[in-house]
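The values are calculated or read from the model by the stated rules, or taken from the named source; none is laboratory data. Please read these numbers as outputs of a predicted model, since none were measured by experiment. Positions of Cβ are backbone-derived with ideal geometry, glycine not excepted, and every protein chain shown enters the neighbour counts.
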Amino acid sequence: MSPSKDRDGLLALIVGMAMVTVIVLGVLAFAPIEPFSSHEDWAYQEPGSLESLHISVDADVCDIEVSFGDLVGSWVEVGMSIEGRSGYIAGDPDINFTVTSGLNGANLTVLVELNMETGPTVTYDGSDIIVIIDRSLPTFMEIEVDVGDAVITVPENASLTGAAVHTDVGGLHMHLEEGARSGNLNLISDVGSVNLDCKDALFEEGARVTAETGTGSIYLDIERSSSSQGNLTFDCLANVGSVYLVLNVAGDTSVEITSQANVGDIETVLVGFSGMDVHLVSDNHPDVWSVELMLEADVGSVHIEAEWRGSDG
C-alpha cells in the first residue's frame, strides 16, 4: 500500500472519530437526560367571609386536579409540581407559574397560569397542578389544558355554580358526589374522553350539561332519586367515538332519551323504559321532574343501560 493511501485512510479514520465525538457530545449536551424539578405552593388566606369564587386555570403540559375540602386558615390552596429531564447545555427549561387574585366585595377571583418550554431538549415526566377549595365557598371554574387530564371532584355540601372545562389532548373527569350542588356544565375534550358521574347530585332547576369530544368517547353514569329534585338536560356529542350511558332513576323523576348514531349502532339494556331505540321514555313519563338526554355519536355507537324504578326502595 502506498504512503498516500495510508495517509488517506488515517485521515478518514480521524474524521470519522471526530464526527462520532461531535455526535456523542451533541447528544450529551442537548438530549433530555439531566433531571430537573420545580415546585411551588400558593394559598389565599385573607381573613373575613367570602360569598363566591371564580377560578381559572390555564396550563400547557399538565394534569389538573380540583377538589373541595374543609380547609383551615385558607380559602383556596394551589400546588404545582413538575419533574422532567433536559439537556446539559440547554439547561432547565423556562417554567412560568403564576397565581393572581382579586377581590370584588366578598367575591374572589383567582387566575392560575402555567406556561412551560417545550421541544426536543426537554421531556416532562410528571406535571400537575392541584387545587383545593374550601367546601363552603360556591365556585365557578374555568379550566383550559393543552396537554393533560383534568379531574374535578365535588363532594357533599360543596357547590359548583358552573364549570367550563376544555382539554386539547387529554381526558376529562367530573365527579359529582351525592349531595353535591351544581349548575350548568360545559365539558369538552378535543382528543380524549369525557367522563361524568353524578349520583344524586343536586342540580339547579333547568341546569344543562354539555359534553363533547372530537376524537374520544363520552361516559355518563347518572343516578337520580326523588331527593334529586329539579329538571335537568344532558346534551352529548362524540364526533369520532361512542357514547356510553348508565342511568338509574327512581320515584317521581321521569326520563326521555333521544339517540342518534350516524355511523354506528344504538344498543340498549332497559328496565322500566319503552319506545324505539332512537327515542325512549321511562314508564312514568311525564312526571313531577324530568331528565332529558340527547346522545349523538357521529362516527361511533350509542350504548344505553337504563333503569327506572317506581319507588326509591
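Listed values, structure above:
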{"read-out": "Selection count where residues are touching an Asp or Glu at 6+ places or on another chain (Cβ under 6 Å) and either buried (at least 23 other Cβ atoms within 10 Å of the Cβ) or at pLDDT 95 or above (or both), scope the stretch 227-247", "value": "5"}
{"read-out": "Yes/no for Val169 being surrounded by fewer than 19 Cβ atoms within 10 Å (Cβ to Cβ), of a type outside the set (Lys, Arg) and in contact with an Asp or Glu (Cβ under 8 Å, 6 or more places away or on another chain)", "value": "yes"}
{"read-out": "Residue within the stretch 81-89 that is of a type outside the set (S, T, N, Q), modelled with pLDDT of 95 or more and either more than 22 Å from Ala180 (Cα to Cα) or in a loop (DSSP other than H, G, I, E, B) (or both) present", "value": "no"}
{"read-out": "Members of the stretch 160-175 found to be under 20 Å from Ile222 (Cβ atoms) and either under 10 Å from the mean Cα position of the chain (by Cα) or not assigned by TED's automatic domain parsing to the domain that holds Leu202 (or both), listed by number", "value": "Val165, Gly171, Leu172, His173, Met174"}
{"read-out": "Residues that are more than 11 Å from Val249 (Cα to Cα) and either outside the structural domain of Ser228 (by TED's automatic domain parsing) or assigned to a loop (DSSP other than H, G, I, E, B) (or both), drawn from the stretch 284-313", "value": "His285, Pro286, Asp287, Val288, Gly300, Ser301, Gly313"}
{"read-out": "Boolean, Ser38 is at pLDDT below 90 and surrounded by 13 or more Cβ atoms within 10 Å (Cβ to Cβ)", "value": "yes"}
{"read-out": "Within the stretch 58-80, tally of residues that are crowded, with 16+ Cβ neighbours inside 10 Å and either of a type in the set (A, V, I, L, M) or assigned to a strand (DSSP E or B) (or both)", "value": "15"}
{"read-out": "Matching strands (runs of 3 or more DSSP E) fully within the stretch 166-276 where at least 3 residues are touching a Ser or Thr at 6+ places or on another chain (Cβ under 6 Å) and farther than 25 Å from Arg135 by Cβ", "value": "232-240, 253-263"}
{"read-out": "Selection status of Val147, closer than 16 Å to Thr213 by Cα and at pLDDT below 95", "value": "yes"}
{"read-out": "Residues (over 12 Å from Met174 (Cα atoms) and within 17 Å of the chain's Cα centre (by Cα)) located in the stretch 144-159", "value": "Glu144, Val145, Asp146, Val147, Gly148"}
{"read-out": "Boolean, Arg224 is at pLDDT below 95, crowded, with 22+ Cβ neighbours inside 10 Å and not polar (S, T, N, Q)", "value": "yes"}
